[in-house]
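Asker: Quick one: this structure, given as structure tokens, is what I'll be asking you about.
The values are calculated or read from the model by the stated rules, or taken from the named source; none is laboratory data. The shown structure was predicted, so the numbers you read here are calculated from the model rather than taken from an experiment. Glycine also receives a Cβ, built like all others from the backbone with ideal geometry; neighbour counts cover every protein chain displayed. What goes into the accessible areas is simple: the full protein's heavy atoms, side chains included, and nothing from ligands, DNA or RNA. Shrake-Rupley method; radii C 1.70, N 1.55, O 1.52, S 1.80 Å.
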Amino acid sequence: MRSQPAERLLDTPAERLIDTVAWVLIAEGRILCARPRGKDVFYIPGGKREGGESDPETLLREIDEELTVALLPETVAHVGTYAAAVPEAPGTVVRMACYTADFAGTLAPSSEIDEIAWFTYADRDRVPPVDRILFDDLVGRGLLPR
């Protein structure tokens, strides 16, 4: 899969960068999303790195913590890196490096997650701006049906 340079997606430089890694799981024309405890918005599952973690290390840890499954490290593949401004925090940009990976176990929300859901492109308005860019790219590449 080709990478989408995050830098080309930004109109202005960020004063604050939130650097995240996310797991793209598409099944039966729908993409997995998760709603963290205490939040109203769904996100592509993943999170921020700790210390000097690499993207794959962050991805494996975050998905285990959030969805109680083990990603298979040898199957991790980069989908693209996306960036978008955070509307409620002027000057803040989220950059999200997205990966696919096979997994072992049964998907289930952990104590960090209130709900998991399978979204179609029609649910695009229920996710934050950076996730919308991912949705658009996946549709454009024929990986997610419109």
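Asker: Rounded to two decimals, what is Rg over Rh for region 35-85 when you use alpha-carbon atoms and the Kirkwood radius?
Answerer: Numbers: Rg = 12.0 Å, Rh = 12.4 Å.
That ratio is 0.97, to two decimals.
Asker: Hey, with R₀ at 25 Å, roughly what FRET efficiency would Arg132 and Thr106 work out to, going by the Cβ-Cβ distance, to 0.05? Walk me through the intermediate numbers first.
Answerer: Details: r = 29 Å, r/R0 = 1.15.
For R0 = 25 Å, the calculated efficiency reads 0.30.
Asker: Ratio of Rg to Rh for region 10-67, alpha carbon only, Kirkwood?
Answerer: On the way: Rg = 13.2 Å, Rh = 13.0 Å.
Using Cα coordinates only, the ratio equals 1.02.
Asker: Would you mind calculating the relative contact order of the chain from Cα pairs under 8 angstrom and at least 6 residues apart, reporting the percent as a whole number?
Answerer: Relative contact order of the chain: 32 percent.
Asker: Roll a 1.4 angstrom probe over the protein heavy atoms and tell me the percent of accessible area of the chain that is carbon or sulfur.
Answerer: In the chain, the share of accessible area belonging to carbon and sulfur is 50 percent.
Asker: Here is a further query. Roughly how large, in nm² to one decimal, is the mean projection of the convex hull of the alpha-carbon atoms in the chain? Mind showing how you got there, number by number?
Answerer: Working: hull surface 34.7 nm².
For the Cα atoms of the chain, the hull's average projected area reads 8.7 nm².
Asker: Right, here's the next one. Count the DSSP beta bridges whose two residues both fall in the chain, then state the antiparallel fraction as a percent rounded to the nearest 5.
Answerer: Values: 22 of 30 bridges.
Of the beta bridges lying entirely in the chain, close to 75 percent run antiparallel.
Asker: At 0.36 nm per residue, and after removing the present C-alpha to C-alpha distance, how many nm does the segment from Arg16 to Ala122 gain when stretched out fully?
Answerer: Values: separation 106, 0.36 × 106 = 38.16 nm, distance 3.04 nm.
35.1 nm is the gain from fully extending Arg16 to Ala122.
Asker: Okay, moving on. Sum up the charges of everything whose Cβ sits under 9 Å from the Cβ of Arg35, counting Lys and Arg as +1 and Asp and Glu as -1, but leave Arg35 out. Show your work: numbers first, answer last.
Answerer: Details: positive: Arg37, Lys39; negative: Asp40, Asp114, Glu115.
Here the charged neighbours net out to -1.
Asker: Quick one: Cα convex hull volume of region 79-139, Å³ per residue? Walk me through the intermediate numbers first.
Answerer: Numbers: hull volume 7.4 nm³, N = 61.
In region 79-139, the Cα convex hull volume per residue is 121 Å³.
Asker: In Å², what does the accessible area per residue of the chain work out to with a 1.4 Å probe?
Answerer: On a per-residue basis, the chain sits at 51 Å².
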